Amino acid sequence: MSRTPIVVGNWKMNKAPREAIDFAQQLEARVRNFDSVETAVAPTSLALSGVADALQGSPLKVAAQGAHWEASGAFTGQVAADMLRGLADFVILGHSEVRAYLAETDANVNRKANAVLAAGMQPIIAVGESLAQNEAGETIPFVRGQVRAALAGISAADMARVVIAYEPIWAIGTGKSATSQQADSIIGAAVRDTLRGLYGDTIAESTRIQYGGSVKPGNMAEFMAQPNIDGALVGGASLQVDDFAALVEIAAEMNGE
Ligand code: 13P
């Protein structure tokens, strides 16, 4: 089954609105002609509206870095999924930095995923184990649990809009990527196989699963060559136009463009 690769730049807490807009425009000019790969950038929420305006009508899409599950109310500092309608196509949820520093739980990731789907957007749900879990051999059961918890209550029909990102915590921002074979086998055993149990073969084979963690132009081809990996969720290398454009170009070339 063919799955359209998806390459998303997670800018994290970088690029204030003016810089975000300039960067998005420069990047847009470099990636708009690749049509076999879906692309998106995830600016800070403050820059979403400016970047969304700048990219109106472009194949380069916009992702938000989070969303609250309630439509409105007394939730200081939060942005409702409903408020992102028209500004973002995707919303990144469950990122390990949010889990680690802001006490994000599996239950809240699930509430947010349901809210994002209800608001008509596509959640990108990040899962992944710590170094200690990896070394203790707990990766597969732990990641399977994260996937199951995140997807509770999500219908088979809505799964067409869900993207999952496997990001081993020990590979994020460390320069230490998982080997492509390691990542592929964990994605197969912990993510795709969990989807198979929950939704059956067709959905397991059609859901897009990204790898994230120190993806760079120099290792992108290896990841994209793996049968279970459908693109990348990229931090550091997404902050440079040349690097991010190179990642998209590699994904497109390897997809026959
Ligand atoms: P790096 O690409 O900087 O390792 O970050 C990965 C990541 O966390 C993307 O969400």
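Tabulated data for the structure shown
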read-out	value
Test set (1) surrounded by 16 or more Cβ atoms within 10 Å (Cβ to Cβ); (2) of a type in the set (Gly, Ala, Ser); (3) within 16 Å of the ligand (Cβ to nearest atom); (4) part of a helix (DSSP H, G or I) - Gly218 fails condition number	(1)
Checking Ala190 against (1) away from the ligand (no atom under 16 Å from the Cβ); (2) surrounded by fewer than 22 Cβ atoms within 10 Å (Cβ to Cβ), the condition it does not meet	(2)
Residues that are in contact with a Ser or Thr (Cβ under 6 Å, 6 or more places away or on another chain), touching a residue at least 60 places away in the same chain (Cβ under 8 Å) and farther than 23 Å from Arg192 by Cβ, drawn from the stretch 1-42	Gly9, Val31
Any hit, the stretch 2-16, residues being more than 19 Å from Asp243 (Cβ to Cβ) and touching a Lys or Arg at 6+ places or on another chain (Cβ under 8 Å)	yes
So Gln122, is it surrounded by 18 or more Cβ atoms within 10 Å (Cβ to Cβ), modelled with pLDDT of 95 or more and polar (S, T, N, Q)	yes
Residue pairs meeting the criteria (Cβ under 9 Å; at least 6 apart or on separate chains; first in contact (Cβ under 8 Å) with a residue 24 or more places away in the chain, in the stretch 47-65; second assigned to a helix (DSSP H, G or I) and hydroxyl-bearing (Ser, Thr, Tyr))	Ala64/Ser45; Gln65/Ser45
Selected residue (criterion: farthest from Ala113 (Cα to Cα)) from residues of the stretch 59-81 that are in contact with a Phe, Trp or Tyr (Cβ under 9 Å, 6 or more places away or on another chain), buried (at least 18 other Cβ atoms within 10 Å of the Cβ) and of a type outside the set (Lys, Arg)	Val62
Helices (runs of 4 or more DSSP H) contained in the stretch 62-145 and holding at least 2 residues of a type outside the set (A, V, I, L, M, F, W, C), within 25 Å of Pro168 (Cα to Cα) and within 14 Å of the ligand (Cβ to nearest atom)	96-101
Residues (among the polar types (S, T, N, Q) and either within 16 Å of the ligand (Cβ to nearest atom) or touching a strand residue (DSSP E or B) at 6+ places or on another chain (Cβ under 9 Å) (or both)) located in the stretch 8-34	Asn10, Asn14
Enumeration of residues in the stretch 35-58 that are surrounded by fewer than 21 Cβ atoms within 10 Å (Cβ to Cβ) and not in a helix (DSSP H, G or I)	Asp35, Ser36, Thr44, Gln56, Gly57, Ser58
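Here's the yes/no breakdown for (1) of a type outside the set (A, V, I, L, M, F, W, C); (2) under 22 Å from Arg30 (Cβ atoms):
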site	(1), (2)
Ala171	no, no
Thr179	yes, no
Gly200	yes, no
Ile203	no, no
Gly218	yes, yes
Leu233	no, yes
Ala237	no, yes
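So that you can scan it fast, the table gives a plain yes or no per residue for (1) buried (at least 16 other Cβ atoms within 10 Å of the Cβ); (2) in a helix (DSSP H, G or I); (3) within 15 Å of the ligand (Cβ to nearest atom):
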residue: Val147; (1), (2), (3): yes, yes, no
residue: Gly153; (1), (2), (3): no, no, no
residue: Gln181; (1), (2), (3): no, yes, no
residue: Leu195; (1), (2), (3): yes, yes, no
residue: Ala204; (1), (2), (3): yes, yes, no
residue: Tyr211; (1), (2), (3): yes, no, yes
residue: Phe223; (1), (2), (3): yes, yes, yes
residue: Ala232; (1), (2), (3): yes, no, yes
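The values are calculated or read from the model by the stated rules, or taken from the named source; none is laboratory data. Everything numeric in this text was worked out from a predicted model, so none of it was measured. In this analysis, Cβ positions are derived from the backbone assuming ideal geometry, glycine residues included, and neighbour counts consider all displayed protein chains.
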